[in-house]
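Chemist: The structure is given below, and queries will be raised subsequently.
The values are calculated or read from the model by the stated rules, or taken from the named source; none is laboratory data. Because the structure is predicted, anything quoted here is derived from the model rather than measured. Neighbour counts are summed over all protein chains in view; Cβ atoms, including those assigned to glycine, are modelled from backbone coordinates with ideal geometry.
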Amino acid sequence: MKKPTTFKAKLKIVEEFCKGCDYCIEFCPVDALKRSERPNLRGVCPPKLKDEGTCIACGLCERICPDLAICLER
Ligand code: SF4
Ligand code: SF4
């Protein structure tokens with residue numbers, strides 16, 4: 001069953017910016033992210049959403065990413 005969300009925002013991941021530190025995956029409060037299967041040009045697999053309905057659009061991953069690879073389109 002999908003968790004309810006308070007508002008909708010689209011998570012945009014700029015895959016080529018990602019260096020694979022995994023901060024976003026580790027600190028997401030609802031465990032919404034996982035590594036994708038395809039490596040980027042830096043040789044790391046960037047994160048992706050496990051399920052669109054799980055993200056609560058808290059913005060933590062956007063703020064925590066050191067390489068500005070994630071933004072929320074509100
Ligand atoms: S925090 Fe940023 S650089 Fe680190 S894995 Fe996530 S998207 Fe990639
Ligand atoms: S916006 Fe919040 S809930 Fe959604 S993936 Fe990022 S850290 Fe997780």
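Chemist: Considering only the range 26-72, how many residues are of a type in the set (Asp, Glu), modelled with pLDDT under 95 and closer than 14 Å to Ile13 by Cβ?
Modeler: Within the range 26-72, residues that are of a type in the set (Asp, Glu), modelled with pLDDT under 95 and closer than 14 Å to Ile13 by Cβ number 1.
Chemist: Scan the range 19-45 for residues that are in contact with a strand residue (DSSP E or B) (Cβ under 7 Å, 6 or more places away or on another chain) and closer than 18 Å to Arg63 by Cα and jot them down. Outline the logic, then answer.
Modeler: So the first thing to find is which residues in the range 19-45 are in contact with a strand residue (DSSP E or B) (Cβ under 7 Å, 6 or more places away or on another chain), and the list is 24-25, 32-36, 45.
The answer is Cys24, Ile25, Ala32, Leu33, Lys34.
Chemist: Sticking with this one: Return the pairs, sorted by first residue and then second, in which the second residue is part of a loop (DSSP other than H, G, I, E, B), the first residue lies in the range 52-72 and is at positive phi, the beta carbons are less than 7 Å apart, and the residues are 6+ apart or on different chains.
Modeler: That search, which allows pairs on different chains as well, returns Ala57/Thr5; Ala57/Phe7; Ala57/Ala9.
Chemist: For the range 24-74: of the residues being part of a loop (DSSP other than H, G, I, E, B) and aliphatic (A, V, I, L, M), which is nearest to ligand 1 (Cβ to nearest atom)?
Modeler: In this case the residue turns out to be Ala69.
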